[in-house]
Amino acid sequence: MKKVLKRKGYEEEFNPEKIKNSIEKAARDANVQNIFQIVEDVSRIVFEYCEDKEIIPTEDIRSIILDYLKEKYPEVAEAWLKYDKEVKGL
């Protein structure tokens, strides 16, 4: 069972739905049309990265997602970063 190492130092079970939900929210906030495709594309990249790892730092997951979004869907990356800043204080 894969674990995610959170910023505060604790581990929690890897939950792919959390990733999909956050990407979908950012895509909706960016008001794009191809939300399902974006969620599938980004999820695939993240899952491929995590495939051979037991513990994945949350920073690594965030970095992979943002790098991909910035390259392929910059408006979604912007929405993601806005949410991080306003809600998470990042």
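Taking amide H positions as modeled 1.01 Å from N, with prolines and chain starts lacking one, the residues under 5 Å from K3 and 5 or more places away or on another chain are F14, I55, I56. Helix 35-50 sits at what angle to the longest principal axis of the chain, using alpha carbons and giving 0 to 90 degrees rounded to 10? Approximately 30 degrees, to the nearest 10. For the chain, find the longest principal axis of its Cα atoms and tell me its angle to the long axis of helix 74-83, 0 to 90°, nearest 10. Between the helix axis and the principal axis of the chain, the angle is about 60 degrees. The long axis of helix 58-72 is offset from the longest Cα principal axis of the chain by roughly 30 degrees. Relative to its Kirkwood radius, the Cα radius of gyration of the chain gives an Rg/Rh of 0.96. Loop-resident chymotrypsin sites (Phe, Trp or Tyr not before Pro) (DSSP state other than H, G, I, E or B) in the chain with no more than 12 further Cβ atoms inside 10 Å of their Cβ: Y10.
Name the GluC sites (Glu not before Pro) in the chain that are in a loop by DSSP and that have at most 14 other C-beta atoms within 10 Å, would you? Hits after loop and neighbour filter: E51, E54.
Read the figures in this text as sums done on the coordinates, not as results from a lab. Owing to the predicted nature of the structure, the values given are computational and were not obtained by experimental measurement. As a convention, Cβ positions derive from the backbone with ideal geometry for all residues, glycine included, and neighbour counts pool all protein chains shown.
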